[in-house]
1. Restrict the search to segment 306-390; then list the trypsin sites (Lys or Arg not before Pro) that DSSP places in a loop and that have at most 11 other Cβ atoms within 10 Å of their Cβ.
2. Need one number: the % of Cα-Cα pairs in segment 431-470 sitting beyond the 15 Å mark.
3. In nm, give the distance between the simple-model label positions of LYS344 and ILE14, each being 7 Å from the Cα along the Cα-to-Cβ direction.
4. Across segment 452-463, in residue order, what do the Karplus-derived ³J(HN,Hα) couplings come to in whole Hz, using 6.51 cos²θ - 1.76 cosθ + 1.60 with θ = phi - 60° and x for Gly and Pro?
5. Using a/c under 1.5 as the rounded threshold, could you call segment 39-130 rounded, prolate or oblate? The axes a ≥ b ≥ c are square roots of the C-alpha gyration tensor eigenvalues, and prolate needs a/b larger than b/c, oblate otherwise.
6. Suppose all protein chains stay in the model; what accessible area per residue would a 1.4 Å probe give for segment 245-354, in Å²?
7. Quick one: with all protein chains in place, what share of the accessible area of the chain is carbon or sulfur, to the nearest percent (1.4 Å probe)?
8. Please give the length that would be gained between LEU444 and GLU210 if that part of the chain were fully extended, namely 0.36 nm times their separation in residues minus their C-alpha to C-alpha distance (nm, one decimal).
Amino acid sequence: VFNIVMNAGGKFTILAHKLSKEDKEKLEEIKKWVNNEFMEVNFLATKFVIKSIDFGADKFKLGKFSEVYKDLALAFEEGKLRFIPEFNQFEDYLKRTKKGVCEVCGIVPSDGVCEFCKKFEEIGSNLVKGEYINFDLNSLFSINISDKPKKLHYGFKKHPIKRVANVVPVFNKEEVNAKKYKLIDSKEVDAREGMVKSFYHIAVDGLKEENEEFYGRKYLAVLKADIDNLGKIFICGFREEETFSRILYLSRMIDYFFTTVLIEYAKNKNIYTVFAGGDDLFLIGHYEDIVDVYEFVIRKFRDYTKNDDLHLSASIKLFRPNVPVHLVAEFAEEELDRAKKSGKDSVSIFDVVYKNNEFSEFLEFREFFEELYEKLKKVNSGSSFMYRFYDFIEMAYNLKNGKDLLKNSRWVYMMRYLIEKNFEIKKNDKHAKTKEEIKKMLYLLKAMIEKDDVKLILPLNLFMYSIRKY
């Protein structure tokens, strides 16, 4: 008899009867078998750890169960750090890698793409096509997707009791012959109804067509996020009101948010779900969709939890579709650490860290730049003028941080001169009203730069990217 307390994000917690000596030996056998499989795939860069602790019925009393979670967390962390002496994962490694390593994962010895990466590509391509996930328990990687369960395999229909966060963008009938796909400078230009979109297709999907021309940038973005201090919340967040049922409910409701509430919103976006569940989130998609989804996550999670102590930290990293995802994931992880070190409840984007409430607020300033740009066009000015804002923002930031005071203190006078010179209102000036409106907006922007400096990079970048012409 057992109860699955949590099963998400590559982790599981099970409440069961006290394990016998035979049970523990069996668990050790399973652990060794799984790690043997991982050793073949990535030389134990991924390690399987399983730990159990014993406790009595008294721990189910009010306010006691968090002690169990604390002891389990300590045992688990010890297991993660422990060296596994029975494995020599680098035996003959130099000899085996004489012909090189896999050009995809960069780990497995191979003179091209390794068998595991080929298998993962096959699974990923077929995941949206079949109804059943079939696998053989004799191997972790004997997985295939089909319309029917296969004999001698364990077949599970893709509507399990455990919610699976699986969003993969595919072509619909109207998109197949879209003109914007001609902008793809890659061989991956094939598009058929029901076919999974490549990163190259997603990158151009965000472009906007106007007068038979396209505007925007062919960028993707990675979103990595997790809930801050969740382990601490499980261990001591309920105080005297903590019970096993509350911990169980919290775990499942958080998982429900990422696997159902979020995915329901994201399924109509150009987004791939790498994983979403437990307290972790890793999405790849067009950068505008990623920004939109994270804004939704901030707003909806706050409303969902009704608790200011439950919040997320995240990073959003933009990249071109030809950049290896594993590299971008590493950069995104570094930026996520940076966001957490800034005080958590934060997101890093464009190398700037924002508190989550700031992120939503500064996104709204995009409309300010859009309105300003439309007015500038009326007086034969435009994007070239707006690029000057980047200089003023950088100088204001450097000045605030004590860098090159004489040089950077000039930005205030430079901006004022630029405003007065370019928008001087002369007699019988047909653009007098528009120029007056522009001047008011620019002096307001000057005050915003003095107050917020680099925080304005978020709305300014998003707007300037959107008007770039192809």
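1. Here the trypsin sites (Lys or Arg not before Pro) that fit, given the DSSP loop and packing criteria, are LYS306.
2. Counting every Cα pair in segment 431-470, those more than 15 Å apart make up 57 percent.
3. Here the answer is 3.0 nm between the modelled labels.
4. 10, 5, 5, 4, 6, 4, 4, x, 5, 4, 4, 6
5. It is oblate, given that a/c is not under 1.5 and a/b is not larger than b/c.
6. Heavy-atom SASA per residue in segment 245-354 reads 43 Å².
7. Carbon-and-sulfur percentage of accessible area, whole number: 52.
8. So the chain would gain 81.2 nm between LEU444 and GLU210.
The values are calculated or read from the model by the stated rules, or taken from the named source; none is laboratory data. These figures come from a predicted structure and were not determined experimentally. Note that each Cβ is placed from the backbone with ideal geometry, even for glycine, and that neighbours are counted across all protein chains shown. With ligands, DNA and RNA removed, areas are computed over all heavy atoms of the protein, side chains included. Shrake-Rupley method; radii C 1.70, N 1.55, O 1.52, S 1.80 Å.
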